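The values are calculated or read from the model by the stated rules, or taken from the named source; none is laboratory data. The shown structure was predicted, so the numbers you read here are calculated from the model rather than taken from an experiment. Neighbour counts run over all protein chains shown; Cβ positions are idealised from the backbone, glycine included.
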Amino acid sequence: MTVEPRPPPASWVREVAAAIRGECIPDAPMAPRTSIRVGGPADLLVRPEDRSTLPGMLAACACRGVPVLFLGGGANLLVADAGIRGVVARLPAEGDEEADGDRLVLAAGAPVSRLAQRALASGLVGCEFAAGIPGTLGGAVAMNAGTRIGEMKDVVERVEVATSEGLRWIPAPELGFAYRTCRLPPGAVVTRVGFRLRPGDVERSRAAMEADREHRRRTQPLTWPTWGSTFRNPPGDHAGRLVEAVGLKGHRIGNAMWSDLHANFVVNLGGATARDCLALIRLARERVRERIGVELELEVRLAGAFAADEHP
Ligand SMILES: Cc1cc2nc3c(=O)[nH]c(=O)nc-3n(C[C@H](O)[C@H](O)[C@H](O)COP(=O)(O)OP(=O)(O)OC[C@H]3O[C@@H](n4cnc5c(N)ncnc54)[C@H](O)[C@@H]3O)c2cc1C
């Protein structure tokens, strides 16, 4: 694989770094920041100290034409081997939290598991689906993450977003939540999430969460680096069933493999490249299209500078 030589850091790196309170890491490796552990470096990774500094940073990027990617836990992301041009912003995991009756407000950079933890501690139920989903609450909103027993749209009441113009709250009905997607305003990053749950039987809720985690341990390749589901489930079917039906369960290209436990999961066997992963995706899409007549759509998000011949 040939990766283009990288140009020297542009002056925007210094200027954007100056516009933000927080940590700035030029040429930051992205592989360790994604759950599949694949991909090249970002020009500049920023970790804002708190959300109030984001509008200034976004304005500084916008006026220089610097693209910004928001990174959560990297649990559903494939980063190009050539890396990501521009800024990658990762919100702090800690932040103001509020609890008021059946309502919670949590930081978007907090892990999804924080929702379950806070709900149980507050005597609230209704978010059992979220207990075993990796990543952050901001990423879970952006993806409308969920399982067959529920999804974010069932429990999110409003989200706070930052844009170059400032911070504002958006009510959930305006977010266009749909299967594994939501419609955020262009360039907006979710900074806090407001949940509405309900009082209920906490012990029963805890048992449902543990049952879900146990089910995942049995059915998902959790001991390997992976991004979770690769394809969205087509209506009335399961993408994993289709990948298996065309003989690709356990199929390996380079150091990436369609999991032999769950055929919608790609696993990194050690040293996999984005090119390996994309070749697996392309092969599955082609076979499923030719043999079954179904067009599989990606659930995993692609980020960065992919070569034209790499696209799935
Ligand atoms: C083992 C495993 C099991 C999984 N099981 C499930 C499951 O059961 N159900 C499910 O839905 N998913 C599942 N996933 C996928 C993943 O956990 C979810 O998609 C999760 O919501 C991604 O969150 P993240 O913070 O890691 O987002 P990232 O992967 O970092 O980003 C995903 C997208 O969200 C955007 N984003 C991230 N943070 C923000 C923010 N603050 N504001 C705006 N946009 C943002 C990113 O730009 C990107 O487009 C699984 C993944 C793994 C590895």
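Within 11 Å of the ligand (Cβ to nearest atom), in contact (Cβ under 8 Å) with a residue 60 or more places away in the chain, among the aliphatic types (A, V, I, L, M) and surrounded by 14 or more Cβ atoms within 10 Å (Cβ to Cβ) - does that describe any residue in region 192-208?
Checked region 192-208: at least one residue is within 11 Å of the ligand (Cβ to nearest atom), in contact (Cβ under 8 Å) with a residue 60 or more places away in the chain, among the aliphatic types (A, V, I, L, M) and surrounded by 14 or more Cβ atoms within 10 Å (Cβ to Cβ).
Can you run down the residue pairs with Cβ atoms below 6 Å, 6 or more apart or on separate chains, where the first is in region 145-160 and in contact (Cβ under 8 Å) with a residue 24 or more places away in the chain and closer than 23 Å to PHE231 by Cβ and the partner is more than 9 Å from the ligand (Cβ to nearest atom) and in a strand (DSSP E or B)?
Once the first residue is in contact (Cβ under 8 Å) with a residue 24 or more places away in the chain and closer than 23 Å to PHE231 by Cβ and sits in region 145-160, no partner that is more than 9 Å from the ligand (Cβ to nearest atom) and in a strand (DSSP E or B) comes close enough.
Of all residues in region 244-275, which are assigned to a helix (DSSP H, G or I) and either on the phi > 0 side of the Ramachandran plot or in contact (Cβ under 8 Å) with a residue 60 or more places away in the chain (or both)?
Matches in region 244-275: ALA274, ARG275.
With the checklist (1) modelled with pLDDT of 95 or more; (2) out of contact with any strand residue (DSSP E or B) (no Cβ under 7 Å at 6 or more places or on another chain); (3) not β-branched (Val, Ile, Thr) in hand, flag the one item ASP50 doesn't pass.
Only one criterion is unmet by ASP50, namely (1).
Would you mention how many residues in region 216-245 are more than 15 Å from ASN76 (Cα to Cα) and surrounded by 20 or more Cβ atoms within 10 Å (Cβ to Cβ)?
Number of matching residues: 4.
I'm trying to understand the selection: among the residues of region 68-87, which are in contact with a Leu (Cβ under 9 Å, 6 or more places away or on another chain), in a loop (DSSP other than H, G, I, E, B) and among the aliphatic types (A, V, I, L, M)?
Result: ALA80, single match.
Tell me whether region 50-58 contains one or more residues that are more than 10 Å from the ligand (Cβ to nearest atom) and part of a loop (DSSP other than H, G, I, E, B).
yes
Can you tell me which residues in region 88-104 are at pLDDT 95 or above, assigned to a loop (DSSP other than H, G, I, E, B) and within 12 Å of the ligand (Cβ to nearest atom)?
Scanning region 88-104 gives a single hit, LEU91.
Looking at ALA131, ALA145, ALA107 in this structure, which one is more than 8 Å from the ligand (Cβ to nearest atom), buried (at least 21 other Cβ atoms within 10 Å of the Cβ) and more than 19 Å from PRO199 (Cα to Cα)?
Sole residue among the options that is more than 8 Å from the ligand (Cβ to nearest atom), buried (at least 21 other Cβ atoms within 10 Å of the Cβ) and more than 19 Å from PRO199 (Cα to Cα): ALA107.
Being more than 12 Å from the ligand (Cβ to nearest atom), among the β-branched types (Val, Ile, Thr) and either closer than 19 Å to VAL125 by Cβ or surrounded by 23 or more Cβ atoms within 10 Å (Cβ to Cβ) (or both) is the filter here; which residues of region 63-86 pass it?
none
Inspect region 228-243 for any residue being on the phi > 0 side of the Ramachandran plot, of a type in the set (Gly, Ala, Ser) and either outside any loop (DSSP other than H, G, I, E, B) or touching a Phe, Trp or Tyr at 6+ places or on another chain (Cβ under 6 Å) (or both) and give the result as yes or no.
The answer is yes, given that some residue of region 228-243 is on the phi > 0 side of the Ramachandran plot, of a type in the set (Gly, Ala, Ser) and either outside any loop (DSSP other than H, G, I, E, B) or touching a Phe, Trp or Tyr at 6+ places or on another chain (Cβ under 6 Å) (or both).
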